[in-house]
Every structure is written in structure tokens, then in C-alpha cells.
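In what follows, a single structure is set out as C-alpha cells and then discussed.
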Amino acid sequence: MSEATTIDGVNYGPLAALVGNWAGDKGVDKAPEPGDDEEKNLYYETITYEAIGDVTNAKKQTLSVLRYHQVVSRKSNDEVFHNETGYLMWDPDTDTVMQSLSIPRGVVLLAGGKVTEYDAANVVIDVTATAGALDFGILQQPFMEQNAKTTAFTHHITVEGDKLVYSESTMLSIYDKEYDHTDRNRLTRV
């Protein structure tokens, strides 16, 4: 166990590199509009990852857990257009990372995946979720299910020291079409 991945006696493994406050103003959001139109928003954001300890499930599994909060604002008018809370969890026995999130549109998901590389300051994490999956899936309220259904989600995070880069893809069934809603940004630890 590396001291750099241990916080308050809990080994956070690859999640330790995320702990802290991050800010970035290079965000690009591509979202669907009716017809063949696409909305492109340039944005800035903050993400806070907080180490909250570990949890034990059925006395057999121990997960290290970070809570996070992400607030995203349009550069054009400074209005918040995305506010997300969730958890990142790491299972050291299977080297699995999980992300659970909730957005205030009536959509929740649990994504899972592997860490492709990490050391004390650098990490690459990829997680995915699919609607209808029994393990890493997506649930949404009836209106979203019928009008703006999320069918798949992928999240790629790379941390190199005090730099974080992410790309996120949310496949949507909306406006009578399938659309790959994407977000990406570069952030710095503050």
C-alpha cells in the first residue's frame, strides 16, 4: 500500500489522484436540438472529489469511496446548466471502479469499468453503463424514458498530477433520432 494512495488510513488506490477541488474553463458540450440541429456550449466548471472512507458489503467486499459534486456553467451567460452528484468507488479485489450519479432530470446510473493504469499521481479510468443492463445500468423517470431516453454512457478520466482531462458520451434517443451527447474538459487542481 502506497502512502500516496492512503488517506486517513483508507487505501483509495487509483481514486486518490482525484481527491481535491478542480476547475476548468475549456469545456465543450455538444447537445441535440430538434431536427438535425445541434447545440454547442462552451463551459466552465468545478468538480470536488471528497474522500469519505470505505464501506463493507455483506462482510465480504470493501469499497473505497469518493463523493463528488460537479457544477457546469455556460460561458455565454454564466448560467448553470448541469449539476451532478455521485460517488466513485474502487474494489481493490477486482480492480473495478464504479461511478454512481444522479442528475436532477430524474436520471440515475451505475457505471463500471477498470483502471487501465495508475500510480500515486496518475490514473486512467474508463466506466460504462447501458440501459437495461442488470449490473451497470441506467434508470430514468417515465418522461425521460419516453422523450429523452439515455441508452448508454461512457466516461473516460485521465489524471496526470494536477491536471485532469475527461470525455463523456451519453447516447440519447431524442427528437426521433439517436444522438451522441458529448462533453469534454480540461481541469486543474485548485
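Miscellaneous remarks
- Top-ranked residue of the range 138-190 - restricted to ones that are assigned to a loop (DSSP other than H, G, I, E, B) and not aliphatic (A, V, I, L, M), ranked as surrounded by the fewest Cβ atoms within 10 Å (Cβ to Cβ): Asp176
- Within the option set Ala31, Ala51, Ala17, Ala23, being more than 18 Å from Ile157 (Cα to Cα) and hydrophobic (A, V, I, L, M, F, W, C) holds for one residue only, Ala31.
- Residues that are within 24 Å of Arg184 (Cβ to Cβ) and of a type in the set (S, T, N, Q), drawn from the range 99-152: Gln99, Ser100, Ser102, Thr116, Asn122, Thr128, Thr130, Gln140, Thr150, Thr151
- So Lys149, is it among the charged types (D, E, K, R) and within 21 Å of Thr170 (Cβ to Cβ): yes
- Of all residue pairs spaced 6 or more apart or on separate chains, those with beta-carbon atoms under 8 Å, a first member in the range 52-66 that is more than 13 Å from Pro92 (Cβ to Cβ) and a second member that is at pLDDT below 95 and surrounded by fewer than 12 Cβ atoms within 10 Å (Cβ to Cβ) are Gly53/Asp8.
The values are calculated or read from the model by the stated rules, or taken from the named source; none is laboratory data. From a predicted model like this one, the values you see are computed outputs, not experimental measurements. As a convention, Cβ positions derive from the backbone with ideal geometry for all residues, glycine included, and neighbour counts pool all protein chains shown.
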